[in-house]
Every structure is written in structure tokens, then in C-alpha cells.
Amino acid sequence: MKELRFPVSEEDIKGLKVREQILISGRIFCGRDAVLPKIAGMINDGSIKESGIDLNGGLIFHTAVSPAGVGPTSSNKFEIESTMEILSHAGIRMHLGKGALKKETAEMLKREGAVYAVIPPVTALLTDRIKSRRVAAFGELGMEALYELEVYDYPAVIAIAGGESIYE
Amino acid sequence: MNETGLKELTEAVADTLVRAGSVFPPDRYGAYARAMEDDTELSVWAMKQIVDNAKVAEKNRSPLCDDTGIPHLLLQIGKNRSINGDMLEAIYEGVRSGLKKLPGRPMAVKGDDKQRIEQSEGLMEDPAGLVPAPLSMEYVDDEERLRLYILMQGGGPEIRAKTYRVFHRHSLDTVLEEIIQWARESVSQLGCSPCTLAVGIGRSHFEASAMMLRAMTEGRYDVQNECEKRITAAVNESNTGALGLGGKNSVLATFMKTGPQRASGVRIVCMRPCCCFEPRVAMLDL
């Protein structure tokens, strides 16, 4: 099983194949419906550069972060799927969540050199594997803020890579 | 009920809520074991993760899923039992206490009507700020029964659930085929499969939803009628599989409850694709 430590290089992502099982470790971002459009806005207006948020080689896990733990929300919600392009363009290399995405999204991810992976919603297991957490932006959103977590051995499956989708 | 009794009731309700959010019933473990006997490598891997997660959650009495859900309370009352305002307050206090203990996800939305809809004022930090859905009460034949069910309803299944009319054409097949069509579409989009399909059929949208909730409390994985088996088998032909990764087990079982029906060409059907950890339900006899 391939082990990936984030942030990653472009080379790390290039070789990934659909249906490949991976283990994710390192520093990852967590965000969902409320915060991802705001991050997209920061990329659009350029304020991301002064924010200290470095998306290069990064991963965004579509989850809330709360005392109840972490676990994937549906990545095909409008606010999430519609922001994947700008986030990928700004450096995010892996989007991590659950649920089928559109064919157009798969094509966009190929263009941007990013992939989509699915993680089982196993909160009890995932929460035990968090080494540290901090709010990276928009703390006023509570559990829906942008968080940065340091995690180890998060199990996932590559669902979209190189224009190929497990859902097609 | 005296003060001590009310305090004990509150504690028992809190424990029931924690149980609903953290424990698999034995027959669900059995359903997963059967499903893992014959499926793709990826599906078996995903289902094993789900089962391992359930064992850890049960051991730690911690949430099965970070979306700990909205509490829904169903109360059943028989002829010889009664309940008063003090007891209801103790039950609601138990829900608040259980949400702190689990802990529930702090996802109550602040503000007035407009602000809550737009989610513009943020969220409450206290998990106990999450108000339960309106209480549902049912009169039952069992004269001595006073029973509370607590269901924790996650958001993903709510996105994919559907309550709508079906023109039945005096044919059960027509209604079942419609349910199968809805379920195939929703299960393929859910992401947290294998599902348990909860189905209610009634005379109004309220009644169909109430029947669907009752199906979630009464359904059994090891006792399935012909309609339930047929729906499950048909949806599994879609090959959605665990987590949508492809496979034979998109649905573990169907729990279906049919209520009274209207003299009409229409049946109101409520279908909810409960995620891989649901129904999250626990029962307390008072």
C-alpha cells in the first residue's frame, strides 16, 4: 500500500491509479461547505498570499472538525465540488471525501494535476490518529472553520485520477 | 415521579442517546459478516473498516460518525401508563446531557429565521444546543408500555431521502419499482454505503415520514419480508458497493413500514437511505 506524506510533490501524485489503496500522513487541511467558498474567494482576490495558508502540494479533507471527531461529508455538495477547480489550481493535489463526483470534475482534476480519494467514514478510528489540530482560518465558523491537522495512517482509495473515475 | 426518579430518568435518557450514537446492534454485525463473505476486495476492505470502527466506538462509547446526527424522539405509550410535563423535561434534559457526553457535534445554528437559514451567525459551541426534532408520540396496544426511542439522524441520508407521491395503479409492483428507482439513484450518490433503506408508506407526507421512522426502530436485519428482500436485491444489482467503490452490497437490508392507506390512486412514500452506521437508534423502557 502506497504511503503519502503531505504536502506532496507533483511526482507523488502522478503515479496514482484509480482503485489504489493509500495511507495518508502529514499535515492536511480540513474544510467543507461553509469555508471552502471563502478560501476560493481569498484565492480570487489574492489575499491567500498574505494569510500564511500554503496550499501547494496540499490535501483538503472534506470534514468538520469538532469534539465529535472527523469524518468525510459528501464531496458532491455544491459548495465543495464547485470549489475544487480553483483550489486545485492554487496547489491542492488531493481532495479527500466521499461520494460520486461529476465527469466534468474528473476531467478538471486531470487538467489541474489533482486527484480525488475516498476515505471511509470511520470517525472512531480517524480521530485516534490525529496528532495535532489548529484553526488555520475563519475560526468564527466553529466546526466548519478551515483546520490544519497533523494525522497518520488515514486509509483511503483513489477514486478519480488521470481523468479516470471509479464512478464511470 | 419524585425528584430522584426524574434524575434517574435524565441519566437513563443520556445513556440511551450515547448508546444510539456509538453502538451497533448485534444483527447489524451479522449483516456485515454475511456481506463480507462475497464481495470485491475494495468493498470488503471498506466494510471491515466500518466494522472495526464500530467496535472501537462501542468500546470507547464514542461517536460512530462525526456527524452525530439530530436527535429524534419517539415515545410509545399504552393505556395504563402516563407521562407529565416533569417527565418530558427530564427526558429533554437527558438529551442535552447525552449530547455533552457522547459528545455530539456542536452544530446548532444561531440566529433568527433568516440567519438560521443562511447560517450567517455561526454555530453554537455547546453540543447540547442542538434541539431535538419535534417529539413523536404513539398510542400502542401494549397497555403497560412507556417506551422511548432515540434516533440520531445524520445529514448525508437526509440529502438523499425523498418523500413523494406514487400513483400505485392498484399494484404493489408499481410502488416497489418506484422505491427501487429512488433508492438506486440515492444510494449511488450517498458515499456512505452499504445502506439500510428505511421506507414508510402512508396517507400524508407526515404519516409516511412517521412510518419511515418507525421502520428504523422496528426493522431487523435477520427478519426480512418479501417486499424488503426484493427492494434490497434490486438495488444491489446497481453494483454501487461499499462507499460507492463498486460491489455487490450497496444495501444490507430494507426496513419497510406500511401504515393505513387512503381511498385514492396515490400512496405517499418516504424513503431514506440510512448510511453504513444507521439506523442509530436505542430504546429505553420507562
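Laboratory data are not the source of any read-out in this text; all were calculated from the coordinates shown. Source: prediction; values computed, not measured. A quick note on method: Cβ atoms are made from the backbone with ideal geometry, for glycine too, and the neighbour counts reach across all protein chains shown.
Note on region B:169-286: antiparallel DSSP beta bridges, both residues inside, total approximately 55 percent of the bridges counted.
Shape class for region B:1-130, computed from the alpha carbon gyration tensor (a ≥ b ≥ c): oblate, with a/c not under 1.5 and a/b at or below b/c. Considering only B:Val223, B:Val266, B:Val199, the mean-square fluctuation computed in a Gaussian network model of chain B, springs between alpha carbons under 10 angstrom, is largest for B:Val223. Each Lys and Arg contributes +1 and each Asp and Glu -1, all at the Cβ; summed about the Cα centre of region A:2-165, the dipole is approximately 320 debye.
For region B:176-222, the gyration tensor built on C-alpha atoms gives an oblate shape. Its axis ratio a/c (a ≥ b ≥ c) is at least 1.5, and a/b is not larger than b/c. Count Lys and Arg as plus one, Asp and Glu as minus one, and take only other residues whose Cβ is under 14 Å from that of B:Val251; the net charge is then +3. Backbone amide hydrogens, once placed in the peptide plane, bring A:Asp33 within less than 5 Å of nothing, excluding anything fewer than 5 places away on its chain.
Considering only alpha-carbon pairs that sit under 8 angstrom and 6 or more positions apart, the relative contact order computed for chain B is 25 percent. Sort region B:73-199 into rounded, prolate or oblate with this rule: let a ≥ b ≥ c be the square roots of the eigenvalues of the Cα gyration tensor; rounded if a/c is under 1.5, and if a/c is not under 1.5, prolate when a/b is larger than b/c, oblate otherwise. In terms of gyration-tensor shape, oblate. The Rg/Rh ratio of region A:2-165, with both radii computed over alpha carbons and Rh defined as the Kirkwood radius, is 0.92. Beta bridges assigned by DSSP with both partners in chain A are antiparallel in approximately 55 percent of cases. Distance from the C-alpha centroid of region B:144-182 to that of region A:87-103: 32 Å, rounded to the whole angstrom. Where in chain B is the longest stretch that carries no GluC sites (Glu not before Pro) classed as loop by DSSP and with at most 16 other Cβ atoms within 10 Å? Between exposed loop sites, the widest span is B:145-236.
The trypsin sites (Lys or Arg not before Pro) found in region B:115-218 that occupy coil by DSSP, while having at most 10 further C-beta atoms within 10 Å, are B:Arg169. Here the protein assembly as shown is assigned +1 on the Cβ of each Lys and Arg and -1 on the Cβ of each Asp and Glu. Its dipole about the Cα centre then comes out at about 440 debye. State the number of lysine pairs found in chain A whose Cα atoms come within less than 16 Å, restricting to pairs 8 or more positions apart or on distinct chains. The number of close lysine pairs in chain A is 10.
All C-alpha to C-alpha distances of chain B, sorted into 10 Å bins beginning at zero, yield P(r) values of 7, 27, 33, 24, 8, 1 percent in whole numbers. Along region B:197-203 the Karplus relation, 6.51 cos²θ - 1.76 cosθ + 1.60 evaluated at θ = phi - 60°, assigns HN-Hα couplings of 7, 9, 10, x, 10, x, 9 Hz to successive residues, with x for each Gly and Pro. Taken along the Cα-to-beta-carbon direction at a fixed 7 Å, the label points for B:Glu237 and B:Glu118 span 4.9 nm. Applying a DSSP loop filter and a limit of 11 other Cβ atoms within 10 Å to the trypsin sites (Lys or Arg not before Pro) in region A:86-123 leaves nothing. Using the rule -39500 (n - 2.57) for each DSSP H run of four or more residues, divided by the residues of chain B, the 222 nm mean residue ellipticity is -14000 deg cm²/dmol. The dipole here belongs to chain B: it is taken about the Cα centre, uses +1 on the Cβ of Lys and Arg and -1 on the Cβ of Asp and Glu, and is about 440 debye. The convex hull defined by the C-alpha atoms of the protein assembly as shown has an orientation-averaged projected area of 22.4 nm².
Residues B:Val131, B:Val269 in ascending order of nearby Cβ atoms (within 10 Å, fewest first): B:Val131, B:Val269.
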